[in-house]
Structure formats: structure tokens, C-alpha cells
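Note sheet for the following structure.
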Amino acid sequence: MGLSFLQHAYMNEVLAYSPGAASLFGVVAPNSGNQKILVKYGTPEQHEKWLQPLTNGTMQSGFSMTEPDNPGSDPRSITTRAELDGDEWVINGHKWFTSNGYAADFYIVMCRTADADGSGAANDKMTQIIVPKDTPGVNIVRGVPVWGRSSSHCEIIYDNVRVPKENQLGRTGTGHQAAQDRLGAGRVYHCMNSIGSMWRAFDLMIERLMTREVHGGEKLESKQFMQGFIAESYIDIQSARLMTIDCAEKMESGADPRADISAIKIFVPAAYHRVVDRAIQVWGAAGVSGDLPLASMYQGARTLRLADGPDEVHKILIAKLVLRRYHAGEAWDFGN
Ligand SMILES: Cc1cc2nc3c(=O)[nH]c(=O)nc-3n(C[C@H](O)[C@H](O)[C@H](O)COP(=O)(O)OP(=O)(O)OC[C@H]3O[C@@H](n4cnc5c(N)ncnc54)[C@H](O)[C@@H]3O)c2cc1C
């Protein structure tokens, strides 16, 4: 698209203000994250075959990493296996929560290509492989219901699925790093999406506060409980936004953004949740109805605390990074 990382992040914020806009403009997960992997790890042939149609919107994709029988919070635990047989990868495994699973033309499947207990680092034992959805042996079991409704987050069994060797992305063993690259940028984009949505929820809340009359004709905006909501939501949005932009600037400048990515991954969905919760409260019954986007925002905010790595895992990472510095006799520099 020719946008810098930061410009892309701002674009996410603007698009998220209107539900559906990101998907209209083709910059929605999981396609956006898959584009990131394809740009970095794909060959010119793969760019032509998969990346270009994905960016043109003529193809859809899914990212198939999480498994029902292993903790998604530790992707190194996956057991979906890919073995080389001549010039083909043969894939066997069980995945779920492959978003966009029904609409996708192809999946990027994270596979184990070396034994967990074999020699070599645990992070070098996975490979990302492109699997067209119509390949024999790709069995979509179901869309896993989410929040009580059917969904396109698919459970998929890969049963002796054969794809050409050239469908692998990057060198054998780079799959874990590719997943991290994908998720790192994706987390910033998702946070900017959340901020755009929070902004919308804030505007909706204020609109209602300025128009709804209660007990004796006074506007809600005159009530101090409600004024507290305005101030708390302002603080939540402003801090989430500044943290995320700071993180995006670090990513763009090449500074180490790891602690910041984890910090926004924890803080922003929780702030989003609080902001939408207040807006729902102000709107009363209408807030949980399907007439406003607030109810689905609320569910989305809650889900974000699990997806892209649960909060706890990110807290552990921040603590590790901080402690490592202090153990080395340095201190954390919040100014840089
Ligand atoms: C709507 C939605 C869409 C998704 N889309 C995709 C997708 O497109 N592709 C894909 O591959 N996956 C997808 N996922 C899966 C998601 O990435 C995983 O759910 C997530 O990584 C957590 O894995 P898990 O569900 O196996 O939880 P687990 O790893 O079993 O963790 C469960 C809980 O245990 C706690 N926990 C875990 N580790 C620790 C620890 N070390 N210390 C303390 N507590 C801990 C946390 O509270 C965590 O929430 C999606 C999930 C959702 C909900």
C-alpha cells in the first residue's frame, strides 16, 4: 500500500471507528497478518500466487496455529506435523480457531518440522506452510460457536494433506519467528482498531448523555456519576492511544518494542472493555441491544484479552525483560 508502519496504524484507528470499514478496505485479520508473513518470508512466486490476490481482495486466507489439545499460549507446544516425502510436505494435525476458515482460499498452517525432544532450539522446530483449502485431506469439522453464536473460527483436521515443498514459507524452522513477526505487528494494529472503536463508543456515550433526560427532565450530562464516566473514559482512551502510538514509533524506528507490545496488548483491550462498559451503562437497555454496535464491541474487547496471547503470558514477558536489565546492573529507561 506504500504506507509506513505508523501510517498503517493510524489508518487502523480511523477505519475501526465504523464497524465493517476495515473489512471493506481489506485490512482485516487474519488477511493482514498473513500478508505480513508473505511479504517477509515469501518468494517472488509466492508473492505472485498468494500475496497479490490477497491484497487485491480476490483471495481470502486463514492462519492455522492454535490446537485444541495444546496450549495456544505456548505455540512451541503444537503437535501438527509436516514430514517431507519427496517434493511434498505431508501434514497431519488438528487445529481450531482458524479465523475466516470458511471463506479462506488458503491457510498458512504452522507445523512441527522437527521433534520436540530432538537437538536444536525449541524456537527452530516449526515451519509455516501454505495449504490451499481445497487440498484433499483438509477437513473443516465446524465453525466453533463463539459468544453463543455460530462463527467462522474453524476447527480443522489436516489428514495426510499433501502440498508441494515450495509452499513452505521461509527456511525450514523459521515458523515460530514468522508467527512472532506476524503477531507483533498485528498486536499494534489490533490495539489501534480497539482505540478507533473506543472512540466511537465514547462519542455514542456523550451523545446519549447530552440528550437523555431523567428524573424531572435533567440531562444525564448534569449527573456527577455520569461525568465520572466521561473523565474515566477520556483517561482510558488517551493513555491507550499514546502508549500504542509510542510503541508503533519504536517499531518504525527499529528500537526494541517487545515490552511495549506486551504492555499495549494487556492495557488496551482492558481499557476498551471499560470504555464500552460505561457506554453500555449510559445507554441502558439499548446498550445491549443489536441497535447499537456496543454489545458486539463489548464481546470483541473481552475476546482480545485471550487472542494474540493471553494477558498473563505478556505480563511474564514484561517482567522477564525488566528483570534481565536490572540483573545486568542496568535500569529500565522509560525515556527511551
Ligand atoms: C475469537 C478468536 C479468534 C482466534 N483466531 C485465531 C486464528 O485465526 N488462528 C489461530 O491459530 N488461533 C486463533 N485464536 C486462538 C488464540 O490465539 C488462543 O486462544 C490463545 O493463544 C490462547 O490459547 P488457548 O486458548 O489454547 O489457551 P491456553 O494456552 O490454554 O491458556 C488458557 C489460560 O491459561 C492462562 N495461562 C496460560 N499460560 C500461562 C502462564 N504461563 N502463566 C499463567 N497463566 C497462564 C491464561 O489465563 C490463559 O488465558 C483465536 C481465539 C479467539 C478467541
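None of the figures in this text is laboratory data; all of them are computed from the coordinates on show. Given the structure is predicted, the values throughout are model-derived calculations rather than measurements. So basically every Cβ, Gly included, is an ideal-geometry build from the backbone, and we count neighbours across all protein chains shown.
Observations
- Remark: region 159-175, residue by residue, has Karplus-estimated 3J(HN,Hα) of 10, 6, 7, 10, 9, x, 4, 5, 7, 6, 9, x, 5, 4, x, 9, x Hz, where x stands for each Gly or Pro and the curve is 6.51 cos²θ - 1.76 cosθ + 1.60 at θ = phi - 60°.
- Helix 224-253 vs. the chain, principal-axis angle (Cα, 0 to 90°, nearest 10): 30
- Each peptide in 191-198, 71-78 gets a packing score, the mean of other Cβ atoms within 10 Å over its residues, and the list from highest to lowest is 191-198, 71-78.
- D_trans [Stokes-Einstein, Kirkwood Rh over alpha-carbon pairs] for region 177-327, 25 °C, 0.890 mPa s, µm² s⁻¹: 148
- Amide H contacts for residue 141 (H built 1.01 Å from N in the peptide plane; partners 5 or more residues away or on another chain; cut-off under 5 Å): 155, 156, 157.
- For residue 88, the residues whose modelled amide H falls within less than 5 Å of its own, excluding neighbours fewer than 5 places apart on the same chain, are 165.
- Averaging 1/r over each pair of different alpha-carbon atoms in region 60-169 and inverting the result gives 14.0 Å, the Kirkwood hydrodynamic radius.
- Phi angles across region 67-72 convert, under the Karplus curve 6.51 cos²θ - 1.76 cosθ + 1.60 with θ = phi - 60°, into 3J(HN,Hα) values of 10, x, 9, 9, x, x Hz, Gly and Pro given as x.
- Efficiency of FRET between residue 325 and residue 246 - r from beta-carbon atoms, R0 25 angstrom, step 0.05: 0.85
- The chain: relative contact order in percent, alpha carbon pairs under 8 Å with at least 6 residues between: 16
- Based on DSSP H segments of at least four residues, each scored -39500 (n - 2.57), the chain has a per-residue ellipticity at 222 nm of -15500 deg cm²/dmol.
- The Kirkwood radius of region 151-261, taken over pairs of alpha-carbon atoms, gives through the Stokes-Einstein law at 20 °C and 1.002 mPa s a diffusion coefficient of 117 µm² s⁻¹.
- For the chain: Kirkwood Rh in Å [reciprocal of mean 1/r, alpha carbons]: 21.5
- A straight chain from residue 40 to residue 334 at 0.36 nm per residue would run longer than the Cα-Cα distance by 102.8 nm.
- Straight Cα distances below 20 angstrom link residue 40 to the lysines 49, 125, 165, 250, with same-chain residues fewer than 8 positions distant left out.
- In this structure, the amide hydrogen of residue 168, modeled 1.01 Å from its nitrogen in the peptide plane, lies closer than 5 angstrom to those of 130, counting only residues at least 5 positions away or on a different chain.
- Vicinal HN-Hα couplings computed from phi for region 180-196 (Karplus, 6.51 cos²θ - 1.76 cosθ + 1.60; Hz; Gly/Pro x): 5, 4, 4, 6, x, 5, x, 5, 5, 4, 5, 5, 5, 4, 4, 5, x
- Extension gain, residue 160 to residue 223, is 16.3 nm, computed as 0.36 nm per intervening residue step minus the present C-alpha separation.
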